[in-house]
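Asker: Could you have a look at this structure, given as structure tokens, before my questions?
The values are calculated or read from the model by the stated rules, or taken from the named source; none is laboratory data. In this text the structure is predicted, and so the values were computed from the model without any measurement. Here Cβ is always computed from backbone atoms with ideal geometry, including for glycine, and neighbour counts include all displayed protein chains.
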Amino acid sequence: MQNFEDFKKSRLTMDPTSRNLTDHQWEQSYAAFQISQQRASGGSSKRKGEGGSSRGSGRRRHSTKQASKGMHAPTALSKTGFLIREVRKETAYSELRFLVNILSYLLMALIVGNALFQVVVFTSMLAGVSVLLTAGLQIVIVVLAKLLVQVLIDIPDVLLYRHSQGDTEDDV
């Protein structure tokens with residue numbers, strides 16, 4: 001198996017744009033290369049001596065859960081995305097979020113049912129198209145309102161999280 005420097009040299013000859021990679025991206029790329037080599041040779045995806053970690057060097061392991069094949073977490077999570085993920089993981093309002101989701105889905109189902117009923121009742125093609133367009137607009141409004149309410153639910157949790165972390169920056 002190639003060492004890191006040999007891998008880096010061969011990668012640079014194949015793909016000159018890889019000169020722009022950061023050290024972390026190089027480590028991830030090398031880790032992926034090692035895993036693919038192990039899988040191709042029929043070896044196990046877990047390497048010996050890393051405490052069960054199957055990723056690269058094992059130094060920057062963020063999660064102890066093993067991802068399913070084809071499923072992986074984004075590697076370059078923005079600060080805002082990280083904040084939202086952490087806040088929603090430790091939220092005090094999960095029941096309220098669930099209730100908003102259920103009510104919005106119920107409201108969308110009622111709009112669709114009403115629209116279908118009106119299309120069946122009306123004999124005019126123009127009236128039916130008008131009903132469907134109106135229903136579509138109402139569903140868009142419900143989805144936007146749901147997203148707005150989700151943001152409003154997150155505000156107290158974000159403030160509490162930032163206060164508990166001592167993060168006073170306003171760059172998010």
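Asker: Could you pull out the residue among Val120, Val143, Val112 that is assigned by TED's automatic domain parsing to the domain that holds Ala92 and exposed (fewer than 11 other Cβ atoms within 10 Å of the Cβ)?
Answerer: On the way: Val143 fails: exposed (fewer than 11 other Cβ atoms within 10 Å of the Cβ); Val112 fails: exposed (fewer than 11 other Cβ atoms within 10 Å of the Cβ).
Result: Val120 is the single residue among Val120, Val143, Val112 that is assigned by TED's automatic domain parsing to the domain that holds Ala92 and exposed (fewer than 11 other Cβ atoms within 10 Å of the Cβ).
Asker: Tell me which of these Lys146 doesn't satisfy, since it passes every other one: (1) charged (D, E, K, R); (2) modelled with pLDDT under 90; (3) in contact with a Ser or Thr (Cβ under 7 Å, 6 or more places away or on another chain).
Answerer: (2)
Asker: Next question. Test Ala135 against the stated conditions and say whether it is crowded, with 16+ Cβ neighbours inside 10 Å and either modelled with pLDDT under 85 or farther than 19 Å from Thr80 by Cα (or both).
Answerer: In short, yes.
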